[in-house]
Structures are given as structure tokens and as C-alpha cells.
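K.L.:
Just passing along the structure, written as C-alpha cells.
The values are calculated or read from the model by the stated rules, or taken from the named source; none is laboratory data. From a predicted model like this one, the values you see are computed outputs, not experimental measurements. Quick reminder, even Gly has a Cβ in these numbers, built from the backbone with ideal geometry, and neighbours come from all protein chains shown. SASA here: full protein model, heavy atoms, side chains in, ligands and nucleic acids out. Shrake-Rupley method; radii C 1.70, N 1.55, O 1.52, S 1.80 Å.
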Amino acid sequence: MDIVQKTKWNIDIAHSEISFKVKHMMISTVSGHFEDFTATAETDREDFIGAAFQFKAKAASITTNNGDRDKHLRSDDFFSAALFPEILFTSGSFDGNTMAGKLTIRDVTREIRLNVDFNGIAVDLYGQTKAGFEISGSINRKDFNLAWSAITEAGNIVVSDTVKLTVFLQFIKEK
């Protein structure tokens, strides 16, 4: 019986980003990202099909470049970062184009699907083997108990329910 050798890949944090966009008052878009996160991948194939991916982000590390808004996002109205300090995604499948898995925000875990562009593998100037991915998708924030809502005097929704996710990941092959 052949034993399949799994290769572990760790995040290259300097070349990676977990970010999001959400409509504000339905007329503009606010962007943000998480400053403190980790990710790993484990695979037995060079094309990463069937790989197991895991992403973790510290909820308190959310930033939108607006201190008051970031404080509100960390509060019980949104992430409740003190009670639920970690956001977790664990893949269940990856076919080369689509990654399905479980996303946990607060105390809610839901299955989501993400679009994936695998950008290939390269060796850097220091002899490290790296793999790059661009991942996108969207979630409904209310599905994860990020339910705060308000309407302006003119009748506009302050924050859209749909959150667009954009993730750029570069992994380093473990030696």
C-alpha cells in the first residue's frame, strides 16, 4: 500500500490579505481587512486539488481606517470580539476553482462557497517554494448574527447585508 506524502504550506503574511467590502448607505463602498490572521494548506498534489485549507482571523484586528467604526465593529452589535475572538474557515473541498467549507463568525457556523484562482507555484530569491491564490465570494452578514441595522432619515440602509470577501494568500512550502 502506498503512503501518500502530504505537503504542508504556511502563510506568507507579508504577501497575504483577508479583506472585505460592504455598501454604506447603498451609495458607496467601505473596505476593511483583518491585520492578525493565519492560514495553512495541506496537499498531496501540485495543483492543490483536494487540499485542506484553514484560515483564522482575530476579530479584534478588524480595521477600516476609521477608529470609531472599528470599535463599533468589535462591539456586540457586530463581531463581539471579546466573546468570540476568532473567525475560522475550514475547507471541506477544493476542486481547483471552487472551495467549499465552514465559516464560523461569533457563535454561528455556516457552509460557504468561494471562487478560487490558483496562480501557481514559484521559487523566490531565497529558495523558498511559494504558492499563490486569489479567493473571492460573498456572505450575508445577518446569517452570522452581525445583525445591527439602521436606516437614514432619507430611508437608506446604513450597512448592506451582503459582504464581499477578497482574500489574497501566498503560502510557503514547509521544508
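K.L.:
Run residue 31 past the list (1) out of contact with any Asp or Glu (no Cβ under 7 Å at 6 or more places or on another chain); (2) open to solvent by 50 Å² or more (accessible area, probe 1.4 Å); (3) within 15 Å of residue 131 (Cα to Cα); (4) not in a loop (DSSP other than H, G, I, E, B) and report the number of the one that doesn't hold.
P.N.:
Evaluating residue 31 over (1) out of contact with any Asp or Glu (no Cβ under 7 Å at 6 or more places or on another chain); (2) open to solvent by 50 Å² or more (accessible area, probe 1.4 Å); (3) within 15 Å of residue 131 (Cα to Cα); (4) not in a loop (DSSP other than H, G, I, E, B) leaves (3) as the failure.
K.L.:
Given the criterion free of Cβ contacts under 8 Å to residues at least 60 places away in the same chain, polar (S, T, N, Q), over 28 Å from residue 172 (Cβ atoms) and out of contact with any Leu (no Cβ under 7 Å at 6 or more places or on another chain), identify the matching residue among 97, 115, 119, 65. Lay out the reasoning, then the answer.
P.N.:
Working: 97 fails: over 28 Å from residue 172 (Cβ atoms); 115 fails: over 28 Å from residue 172 (Cβ atoms); 119 fails: over 28 Å from residue 172 (Cβ atoms).
Result: 65 is the single residue among 97, 115, 119, 65 that is free of Cβ contacts under 8 Å to residues at least 60 places away in the same chain, polar (S, T, N, Q), over 28 Å from residue 172 (Cβ atoms) and out of contact with any Leu (no Cβ under 7 Å at 6 or more places or on another chain).
K.L.:
Quick one: count up the residues across the range 34-54 that are touching a residue at least 24 places away in the same chain (Cβ under 8 Å), open to solvent by 40 Å² or more (accessible area, probe 1.4 Å) and not polar (S, T, N, Q). Working first, answer last.
P.N.:
We begin by selecting, within the range 34-54, every residue touching a residue at least 24 places away in the same chain (Cβ under 8 Å); these are 34-44, 46-54.
Applying the additional criterion that residues be open to solvent by 40 Å² or more (accessible area, probe 1.4 Å) yields 35-36, 38, 40, 42, 44, 46-47, 49-50, 52, 54.
Next cut, not polar (S, T, N, Q) only: 35-36, 42, 44, 46-47, 49-50, 52.
Selection size over the range 34-54: 9.
K.L.:
Related question: Considering only the range 47-58, I want to know if a residue exists there that is over 20 Å from residue 136 (Cβ atoms) and of a type in the set (D, E, K, R).
P.N.:
Yes, because at least one residue in the range 47-58 is over 20 Å from residue 136 (Cβ atoms) and of a type in the set (D, E, K, R).
K.L.:
Go through (1) open to solvent by 10 Å² or more (accessible area, probe 1.4 Å); (2) within 23 Å of residue 135 (Cα to Cα) one by one and return the number of the condition residue 57 breaks.
P.N.:
Of the numbered conditions (1) open to solvent by 10 Å² or more (accessible area, probe 1.4 Å); (2) within 23 Å of residue 135 (Cα to Cα), the odd one out for residue 57 is (1).
K.L.:
When you scan the range 122-129, do you find a residue that is more than 23 Å from residue 170 (Cα to Cα) and either touching a residue at least 60 places away in the same chain (Cβ under 8 Å) or open to solvent by 30 Å² or more (accessible area, probe 1.4 Å) (or both), even just one?
P.N.:
no
K.L.:
Which residue, of 84, 118, 94, 89, is touching a strand residue (DSSP E or B) at 6+ places or on another chain (Cβ under 9 Å), surrounded by 12 or more Cβ atoms within 10 Å (Cβ to Cβ) and farther than 14 Å from residue 41 by Cα?
P.N.:
Working: 118 fails: farther than 14 Å from residue 41 by Cα; 94 fails: farther than 14 Å from residue 41 by Cα; 89 fails: farther than 14 Å from residue 41 by Cα.
Going through 84, 118, 94, 89 in turn, the sole match is 84.
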